[in-house]
Amino acid sequence: MAEDRILVMDSVTKLASEDAGKVLVAASHGGVYAAYLAAKGKARGVILNDAGGGLESAGFGGLDWADAIGMPAATVDCMSARIGDGKDMMSTGHISFINKAAAKAGVSVGIGCGAAAARMLTADMWSGELPELPESRFVISQKTDEPMVIGCDSASLIKDEDAGQIVVCASHGGLLANNPGYILKAPVLGIVLNDAGIGKEQAGVARIYAASSMGVAAGAVMATSARIGDARSSWETGKISVVNDLASEFGCAVGMTTKEYVATIIHAQRNK
């Protein structure tokens, strides 16, 4: 059955070897690394969430990258389907952007996600060369008298030992529909995520508010201020669009730069 060849997931990070050759509908943002993970998993084609497009169109930046290897790729409008919710993408998502390989398979802007996935099934399996594309984790600041500040392109790069530190993370700020209890790998002191255009039912920032239950001061940068999937961009140009109650108690506020947000948390922690 055609349906058996379409794989619906909340995140592109969990592909198995038996999924090779399927069309992937994954509710991750449509950045380059998400497209890379789909290709690494040998997906025939992939549909992601455009995360509001954002700075330099990073929310669908993976489409051109996928064209370079011949893999059909498309995104759904973040206002039509919740980021982090693959089933919602299939049921209500509408295609917002496509690459040349997807167009060749008959996908067009405006059609439903399910119809687009079915059309991608007709595409020949791509065979382009797959370059390595590692994500980045790096130290922004490390001083003996204050929390470490760590940059992570993805929340998957957060480690247990980051508990009590501050993380500038370029993942979207949504929750996974099939695992809403999972928020972060570690109870960090503070975190900045990307609001992914906020999107349908504010799904792009659901994790910001949920992080309060872990005691985490969380905020998100506007997708238009920093490239989603790029923590260095979040650090250098990010501007805060959403904060949770704990971040607000520290003195963080909408409109701050990421650097001001982090400095505010550090100052508040020092003066507790």
Original post:
Can you tell me how many residues in segment 217-265 are more than 22 Å from Ser154 (Cα to Cα) and out of contact with any strand residue (DSSP E or B) (no Cβ under 7 Å at 6 or more places or on another chain)?
Top reply: 5
Subject >> Residues of segment 156-172 satisfying the condition of being within 17 Å of Gly238 (Cβ to Cβ) and touching a Leu at 6+ places or on another chain (Cβ under 8 Å) >> reply: Ile166, Cys169, Ala170, Ser171, His172
**OP:** Go through (1) among the small types (Gly, Ala, Ser); (2) under 13 Å from the mean Cα position of the chain (by Cα); (3) closer than 21 Å to Ala26 by Cα one by one and return the number of the condition Ala226 breaks.
**Re:** (3)
Subject >> Check on Ile198, at positive phi, of a type in the set (A, V, I, L, M, F, W, C) and either exposed (fewer than 13 other Cβ atoms within 10 Å of the Cβ) or touching a helix residue (DSSP H, G or I) at 6+ places or on another chain (Cβ under 8 Å) (or both) >> reply: yes
Original post:
Scanning segment 175-195 for residues that are touching a residue at least 40 places away in the same chain (Cβ under 8 Å) and within 16 Å of Asn244 (Cβ to Cβ), which turns out surrounded by the most Cβ atoms within 10 Å (Cβ to Cβ)?
Top reply: Asn194
Original post:
Given the conditions (1) touching a Cys at 6+ places or on another chain (Cβ under 8 Å); (2) surrounded by fewer than 23 Cβ atoms within 10 Å (Cβ to Cβ); (3) not charged (D, E, K, R), and given that Leu15 satisfies all but one, which numbered condition is not satisfied?
Top reply: (1)
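Restricting the search to segment 89-129, which residues are among the aliphatic types (A, V, I, L, M), farther than 22 Å from Gly174 by Cβ and under 21 Å from the mean Cα position of the chain (by Cα)?
Across segment 89-129, the qualifying residue is only Ile98.
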Original post:
Does Gly110 meet the test of being surrounded by fewer than 17 Cβ atoms within 10 Å (Cβ to Cβ) and either of a type outside the set (S, T, N, Q) or under 18 Å from His29 (Cα atoms) (or both)?
Top reply: yes
Subject >> segment 18-32, subset surrounded by fewer than 24 Cβ atoms within 10 Å (Cβ to Cβ) and either within 13 Å of the chain's Cα centre (by Cα) or touching a residue at least 40 places away in the same chain (Cβ under 8 Å) (or both), residue nearest to Gly197 (Cα to Cα) >> reply: Val32
**OP:** Kindly check whether there is at least one residue in segment 234-257 that is at positive phi, touching a helix residue (DSSP H, G or I) at 6+ places or on another chain (Cβ under 9 Å) and outside the structural domain of Ala58 (by TED's automatic domain parsing).
**Re:** yes
Original post:
Which numbered condition trips up Thr144, out of (1) more than 21 Å from Ala20 (Cβ to Cβ); (2) in the same structural domain as Gly70 (by TED's automatic domain parsing)?
Top reply: (2)
Subject >> Tally, over segment 35-55, of residues that are assigned to a helix (DSSP H, G or I) and not small (Gly, Ala, Ser) >> reply: 4
Subject >> helices (runs of 4 or more DSSP H) within segment 56-174 that include 1 or more residues of a type outside the set (Lys, Arg) and touching a residue at least 60 places away in the same chain (Cβ under 8 Å) >> reply: 62-69, 86-92, 113-120
Original post:
Has segment 69-79 got at least one residue that is modelled with pLDDT of 95 or more, among the charged types (D, E, K, R) and more than 15 Å from the chain's Cα centre (by Cα)?
Top reply: no
Original post:
For segment 206-215, how many residues meet the condition of being over 14 Å from Ala155 (Cα atoms) and surrounded by 20 or more Cβ atoms within 10 Å (Cβ to Cβ)?
Top reply: 2
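The values are calculated or read from the model by the stated rules, or taken from the named source; none is laboratory data. Quick caveat, the model's predicted, so the values are computed rather than measured. Counting neighbours? That spans all protein chains shown, and the Cβs are built from the backbone with ideal geometry, glycine included.
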